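Have a look at the structure below, then the notes.
The values are calculated or read from the model by the stated rules, or taken from the named source; none is laboratory data. For clarity, every value in this text was computed on a predicted model and none was experimentally measured. Note: ideal-geometry Cβ built from the backbone for every residue, glycine included; neighbour counts use all protein chains shown. For the accessible areas, the whole protein counts, side chains as well, though only heavy atoms, and no ligand, DNA or RNA atoms are used. Shrake-Rupley method; radii C 1.70, N 1.55, O 1.52, S 1.80 Å.
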Amino acid sequence: MWGFLKRSKAPALDPTYGDPHRKALIRALEKRRWKFARELLTMAADPDEMAFLMEAVGGVDGIQDWIGEWIDAEPDSTLPVLVAGCHAVHWAWDARGGKRAKYTTAEQFKGFHERLHYAESLLEKVLAREPDNVTARAWLVTSARGLGVGAAEARERFEAVTRLHPGHVVAHEQRLQYLCAKWSGSHEEMFDFARGAAAAAGPFSLLHELVAVAHFERWEATDIEDGNAYFDSDEVRAELLAAAESSIFHPDYVPAGPGWAPRLAIFALTFELAEEFDAAAHAFALLDGMVTEWPWQVLGDPVEKFTASRDWVATNRGAA
């Protein structure tokens, strides 16, 4: 369908997604060069780019140990408080760990909730001075999931973001997670949201990936036997292909821009699970060996799982 596909580069985990801006920010924060980090963050062109940079902030260890220096040095700026708050949300998930609730200890939950309340206090400080700060509101969508806030408040937090920036990708992703059955929703709520957001999105929008994420979450929620059969469905395959054709498989799509790689990777993985080998091979070719933690870490070591998936797709595509 998509013609000849070149062999991808050797797989390598890249938290920067090949983005020099993101790479420079990570290095600046690792070296505690907050003045340079400030300049890099203020260069963000729009709320989505700012969100993708803040995701990088969340992956840098130890920011909580020194961010007070930046806050004290620039008391009139909300940016260091925003950095501290967004980072603290990710720091909270470090305390919880990545396992399901039944495998999470009471002590882990205690640390998780303490850190989330700390994060929310910082984000609320930002909003007290800048009510229209989209990034602060977007990270409150994430903390809403962790704290299990009620449905009405969680919806209002999400809508507060989309009133300011309707297509905010990270806020949509986090809203979908809240609506998962494993958190505070149901399969039906999750799919209704994913399909509605994709239907309203334009071509090239990363919001089409929500359809793939929803199917992956539904697959992961099944037992092994049913899970293996879940993607053996013409309806699921057709919906995945339609979402990809509207975004990453559009003739004019270029795999670039803030946060593109993990959003493309979920298509590669779900196409593989659905045994849509041509589509999966095309998605892997667009990734060109770039490994991201999401979604591969859900299955195990990201590089190992990416490599096994890509190679299995290549073998089966060639045998088809």
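The table below lists the values:
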quantity	calculated
Conditions (1) under 18 Å from Ala92 (Cβ atoms); (2) open to solvent by 50 Å² or more (accessible area, probe 1.4 Å); number of the one not met by Glu159	(1)
Filter result (open to solvent by less than 20 Å² (accessible area, probe 1.4 Å) and out of contact with any Phe, Trp or Tyr (no Cβ under 7 Å at 6 or more places or on another chain)) within the stretch 70-79	Thr78
The stretch 282-320, subset closer than 25 Å to Val170 by Cβ and among the aromatic types (Phe, Trp, Tyr), residue surrounded by the most Cβ atoms within 10 Å (Cβ to Cβ)	Phe284
The lone exception for Arg218 - which of (1) part of a helix (DSSP H, G or I); (2) more than 18 Å from the chain's Cα centre (by Cα); (3) surrounded by fewer than 20 Cβ atoms within 10 Å (Cβ to Cβ); (4) not hydroxyl-bearing (Ser, Thr, Tyr) it fails	(2)
The lone exception for Leu206 - which of (1) touching a Ser or Thr at 6+ places or on another chain (Cβ under 9 Å); (2) open to solvent by 20 Å² or more (accessible area, probe 1.4 Å); (3) farther than 18 Å from Phe52 by Cβ it fails	(3)
Within the stretch 117-134, tally of residues that are over 15 Å from Met50 (Cβ atoms) and open to solvent by 50 Å² or more (accessible area, probe 1.4 Å)	8
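Here is a yes/no grid of residues against (1) open to solvent by 50 Å² or more (accessible area, probe 1.4 Å); (2) part of a helix (DSSP H, G or I); (3) in contact (Cβ under 8 Å) with a residue 24 or more places away in the chain:
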site	(1), (2), (3)
Phe36	yes, yes, no
Val81	no, yes, yes
Trp91	yes, yes, yes
Phe109	yes, yes, no
Phe112	no, yes, yes
Arg115	yes, yes, yes
Ala136	no, yes, yes
Trp139	no, yes, yes
